[in-house]
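Step one of this worksheet: look at the structure below.
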Amino acid sequence: MSKRQTGEKNGAARPRGFQLGPGVWTRLRYRVFDAEGELVEGSGGELGFVFGYGTLLPALESALEGLAAGAKRAVELAARDAYGERSPALEMEIAREDFPPDVAAGDRFELEREDGTEVVVRVLGVSDDGVVVDFNHPLAGQRIRFEIEVLEARAGTPEELEIAESALSSPADTESETLIPVADLIRRLPS
């Protein structure tokens, strides 16, 4: 096989096939590390999606655009480009009786929104009357590092593109951010 057929030029291998860009179905292997360089619990694995339709954080997507299958890249994002800065406005007090009797600072709970999506909250403090919870993303305010390997890149099928377009053109209704009554939905997460 000639160098031209193998994709080599001057002895160096060139990427062949599709590069990550809008409309390319992509499968990635990833790991996420926090500001201290620790692997984020529960992060990592594989993700398949149509590139360019809002699945990834915009800054991460921008850093990966143009990569081909087999490529690996480490990407560091500032807090504002990852999960945002911490916001004191996202800390609120909820009635004490809506929580289990043994609730304590540091506990984490899942709450369900009216649209069925879940949000994880962290307990900041407990008093006789209320429980102060934090709705900030657990990684808010931190520099985050992603380690990415592109496993597959190919043209998205018409069905995949239709699903991606549908998800992109119907953003979540802002009113769906309202939480269902807390007492009905609190589930303690393992520590």
Study note, to complete from the structure: Counting only residues that are in contact with a helix residue (DSSP H, G or I) (Cβ under 9 Å, 6 or more places away or on another chain) and either at pLDDT below 90 or not small (Gly, Ala, Ser) (or both), the range 81-92 contains a total of 3
Exercise for review: Scan 150, 103, 133, 121 and give me the residue that is β-branched (Val, Ile, Thr), buried (at least 16 other Cβ atoms within 10 Å of the Cβ), at pLDDT 95 or above and under 30 Å from residue 36 (Cβ atoms).
Suggested key: 150
Review point. Out of the range 106-118, which residues are in contact with a helix residue (DSSP H, G or I) (Cβ under 7 Å, 6 or more places away or on another chain) and either buried (at least 16 other Cβ atoms within 10 Å of the Cβ) or farther than 20 Å from residue 87 by Cβ (or both)?
Key: 111, 112, 114, 115
Review point. Conditions: (1) surrounded by 13 or more Cβ atoms within 10 Å (Cβ to Cβ); (2) in contact with a strand residue (DSSP E or B) (Cβ under 8 Å, 6 or more places away or on another chain); (3) aliphatic (A, V, I, L, M). Residue 140 meets all but one. Number of the miss?
Key: (2)
Revision key, fill the gap. Taking first residues from the range 121-148 that are among the basic types (Lys, Arg) and second residues anywhere that are surrounded by fewer than 18 Cβ atoms within 10 Å (Cβ to Cβ) and in a strand (DSSP E or B), the pairs with Cβ under 6 Å that are 6 or more apart or on different chains are 122/108; 145/76
Check your understanding: Which one of the conditions (1) within 28 Å of residue 160 (Cβ to Cβ); (2) outside any loop (DSSP other than H, G, I, E, B) does residue 76 fail to meet, given that it meets all the rest?
Key -> (1)
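The values are calculated or read from the model by the stated rules, or taken from the named source; none is laboratory data. Keep in mind the model is a prediction, meaning the values are calculated, not measured. Counting neighbours? That spans all protein chains shown, and the Cβs are built from the backbone with ideal geometry, glycine included.
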